[in-house]
Structures are given as C-alpha cells and as structure tokens.
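Visitor: Before I ask anything, here is the structure I am working with.
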Amino acid sequence: MILHICSRQDWEKAQAEGEYRPASLDAEGFIHASRPEQIMGVANRFYRGNAELTLLVLDLRHLHAKVRWETADGEVYPHVYGPINLEAITAVLTFSADEDGEFRQMPALPSSPRT
C-alpha cells in the first residue's frame, strides 16, 4: 500500500477521465507517493494550510504503472511512473488540516487492500 495526496478537484477529474494523471506526471515524469508512515511529514511540508485534501490509497498489485523507490530528502519514496488506473485505488479518504493549517491526524486506513 502506498498513498498519494491530491485535491478533491484532481480526484473528480480522474473519475471523469478514467485515470489519475496529475500535472507532476508531465512536469517531472512521475507521480509522488508515500508510505503510510511518511504521509504526515509530506502533508505538513508541502500541503500545510490546505484545509481539505484527498488521500488516495493505492494497491500496488493492481497498479499498471511502474513504481520506483527513490531517495528524496534523505528518505526513500515510491514514485509512480505513469498514470494511476482507478482499479488500483482502494480507498479515497478526506484528509483535513486542523484550524491552524497543520496536519495532525491521518485518516484511518483500510486494514487490508481488496483482492
């Protein structure tokens, strides 16, 4: 399981288009993702102040695009090299910052990915 933070608008666009293809895929060649234990740090580094985001939970077994584990900021992160097919998204969770803009609590993740 890996996670990806996105806006609600980007998630709605993905549903309409049948795949998730954020701007970073064209700009950087991959989609940023995180392991569950990294997500709070990523949220507070890059999304602080965003009141409400969407957290996509990805099942690697159903993901069509290649994932590379690469070092960034002293940690190893999963990078998705291609659009994310909707079948690989096992949960879509609301991810909200506190009133002061800081993320303090991650939404409950599903206990096991679908088979």
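We did not get these values from a lab; they are worked out from the coordinates using the rules stated. Because the structure is a prediction, the values reported are computed rather than measured. Every residue, glycine among them, receives a Cβ derived from its backbone with ideal geometry; neighbour counts consider all protein chains shown.
Visitor: Place a +1 charge on the Cβ of each Lys and Arg in the chain and a -1 charge on the Cβ of each Asp and Glu, then give the dipole magnitude about the Cα centre in debye, rounded to the nearest 20.
Guide: Result for the chain is approximately 340 debye, rounded to the nearest 20.
Visitor: Here's a follow-up. Tell me which residues come under 5 Å, amide H to amide H, from Phe95 once H is placed; ignore anything under 5 positions away on its chain.
Guide: Placed amide hydrogens put Leu53, Thr54, Leu55 under 5 Å from Phe95.
Visitor: If you don't mind, there's one more thing I want to ask. Among Ser34, Ala65, Ser24, whose Cα sits farthest toward the positive end of the charge dipole of the chain (+1 at Cβ of Lys/Arg, -1 at Cβ of Asp/Glu, about the Cα centre)?
Guide: Projecting each Cα onto the dipole axis, the largest value belongs to Ala65.
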